[in-house]
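So the structure is just underneath, and the comments pick up after that.
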Amino acid sequence: MSVVLVVNSGSSSFKYQLIDVETERRLASGLVERIGEPQGRTVHKVPQYGDDGAEATSAAEHDTIRRIDDHADGFQAMLDAFAQHGPSLEEQPPVAVGHRVVHGGARFFAATLVNDLVEINIDDLSVLAPLHNPGAVQGIRAARAAFREIPHVAVFDTAFHQTMPSEAYTYALDRDTAEQYRIRRYGFHGTSHKYVSEAAAGFLGRPVDELRQIVFHLGNGASVTAIDRGRSIDTSMGFTPLEGLVMGTRSGDIDPAIVLHLQRRAGLGVSQIDDLLNKKSGLVGLAGANDMRDLLARSERGEAAARLALDVYTHRLRSYAGAYLAQLGGADVISFTAGVGENTPLVRRGALDRLGFAGVEIDDERNESAKRGEITRISTDGSAVTVLVVPTDEEVEIARQTLDVATT
Ligand code: ADP
């Protein structure tokens, strides 16, 4: 049996998926939210598969409102949903639970079997990820109590980037200060970057350890990674997910002196600046919307702010594409993934259209007609660098790594 329960827990909600790793099928997925509020909500979805084993075309959705006191109560609500709407966890018992954890610091360089000490270490890393790790710990505790008999595995967003060399992860700051406060580049979205780079290699029928790859993960959060023969050697997110590319609501790279200027001249406090850079900047800051579809439509109508937002967005992508081509000494494959990367031909073209000198040649028709949900080559047959659109699947990657750790 190879059924794994994947859990992604925050402080007031968690998502779950029951995945058969062998077939990569989702047997159920759901969400428990508003934990601790009077009107807690559970949404449980059961995909319907055809007899021929084809992709699920529909899902039965079950929505329940009831008070959910804490994460333990949340797991009970999830178990009730399974019991009531299926699939039966007795007939298809998970062999392990995989937990998505945002921050593994410099301690966790791979998916790790959870025990009490690991749990304490993840909690300790809350200093570096105050918005994320405490919720993950709450989820892990409750899940370990709900599923006592099976192994639990923590899969870290940062782990894939632990292969970066010191010159890539070190900031040019005072060494003692950096060390005392654990300030270095950690990188995030690692699970997705790993999955996509392996899927790209699989699509090309080449071993991952022969390829130099650049992966653009462009969702609401966005990052790009340079991957040298399977190892992350540089990535755009840094000490936190704020650094790097222009994102839906985050600024990405800015001159750090802007923060000082805002404190001194605008009198903004720490939490106001935090809010400004993380929630009111990026595409939302530039054009008042973080949904790419919205911006594209408004830019087509000639709206200047939307145009500028798209130009700033693609300008940043080009800068990183150039930088990572230089770090890798050229690339064999460049992939685009996540909401924006998978669905926006204009962004893909904008990111690469000046890279002809480096052997990158986009085929416009392939780029425009890339199908949703499929790996698609969008470079010309003669392009020295293969450019792909690769749908990401972080949950399947978590399930695979979990099974791997749990069974070895
Ligand atoms: P998250 O980072 O939250 O996981 P996703 O990878 O799902 O995000 O990406 C969400 C973003 O993808 C949306 O904010 C939107 O800008 C963009 N997006 C989603 N679907 C499309 C589409 N069909 N065309 C263009 N952009 C899209």
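Of all the helices (runs of 4 or more DSSP H) wholly in the range 95-172, which have at least 2 residues that are small (Gly, Ala, Ser)?
Here the list reads 133-146, 166-169.
On the basis of being at pLDDT 95 or above and under 30 Å from THR240 (Cβ atoms), does ALA81 make the cut?
No, not satisfied.
Taking only the range 312-329 into account, find how many residues are open to solvent by 40 Å² or more (accessible area, probe 1.4 Å) and either away from the ligand (no atom under 16 Å from the Cβ) or aromatic (Phe, Trp, Tyr) (or both).
Of the residues in the range 312-329, 7 are open to solvent by 40 Å² or more (accessible area, probe 1.4 Å) and either away from the ligand (no atom under 16 Å from the Cβ) or aromatic (Phe, Trp, Tyr) (or both).
Identify, by number, the condition in (1) part of a helix (DSSP H, G or I); (2) within 16 Å of the ligand (Cβ to nearest atom) that ILE258 doesn't meet.
Looking at each condition in turn, ILE258 falls short on (2).
In the range 117-165, what count of residues is obtained for those that are surrounded by fewer than 21 Cβ atoms within 10 Å (Cβ to Cβ) and either closer than 21 Å to VAL4 by Cα or in contact with a Cys (Cβ under 6 Å, 6 or more places away or on another chain) (or both)?
Of the residues in the range 117-165, 11 are surrounded by fewer than 21 Cβ atoms within 10 Å (Cβ to Cβ) and either closer than 21 Å to VAL4 by Cα or in contact with a Cys (Cβ under 6 Å, 6 or more places away or on another chain) (or both).
Any idea which of (1) away from the ligand (no atom under 16 Å from the Cβ); (2) touching a Ser or Thr at 6+ places or on another chain (Cβ under 9 Å); (3) open to solvent by less than 20 Å² (accessible area, probe 1.4 Å); (4) within 28 Å of VAL6 (Cα to Cα) is the one ALA178 doesn't satisfy?
All conditions are met except number (4).
Results for (1) among the polar types (S, T, N, Q); (2) open to solvent by 70 Å² or more (accessible area, probe 1.4 Å); (3) part of a loop (DSSP other than H, G, I, E, B), shown as yes or no for each residue.
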site	(1), (2), (3)
PHE357	no, yes, no
THR386	yes, no, no
VAL396	no, no, no
ALA399	no, no, no
THR402	yes, no, no
VAL405	no, no, no
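If you scan the range 278-297, which residues turn out to be free of Cβ contacts under 8 Å to residues at least 40 places away in the same chain, crowded, with 17+ Cβ neighbours inside 10 Å, within 13 Å of the ligand (Cβ to nearest atom) and assigned to a helix (DSSP H, G or I)?
Once the filter is applied, which keeps residues that are free of Cβ contacts under 8 Å to residues at least 40 places away in the same chain, crowded, with 17+ Cβ neighbours inside 10 Å, within 13 Å of the ligand (Cβ to nearest atom) and assigned to a helix (DSSP H, G or I), the range 278-297 yields GLY282, LEU283, VAL284, ALA287, LEU295.
Mind listing just one residue for me: the one in the range 330-349 that is open to solvent by 10 Å² or more (accessible area, probe 1.4 Å) and under 17 Å from HIS315 (Cα atoms) and, of those, nearest to the ligand (Cβ to nearest atom)?
VAL340
Could you check the range 184-240 and list, in sequence order, the residues that are within 16 Å of the ligand (Cβ to nearest atom) and assigned to a strand (DSSP E or B)?
Result: VAL215, PHE216, HIS217, LEU218, ALA222, SER223, VAL224, THR225, THR235.
The values are calculated or read from the model by the stated rules, or taken from the named source; none is laboratory data. The structure presented is a predicted model; accordingly, all values stated were derived computationally and were not measured. FYI the Cβ positions are ideal-geometry reconstructions off the backbone, even for glycines, and counts take in every protein chain you see. Just the protein is used for accessible areas: all its heavy atoms, side chains included, with ligands, DNA and RNA removed. Shrake-Rupley method; radii C 1.70, N 1.55, O 1.52, S 1.80 Å.
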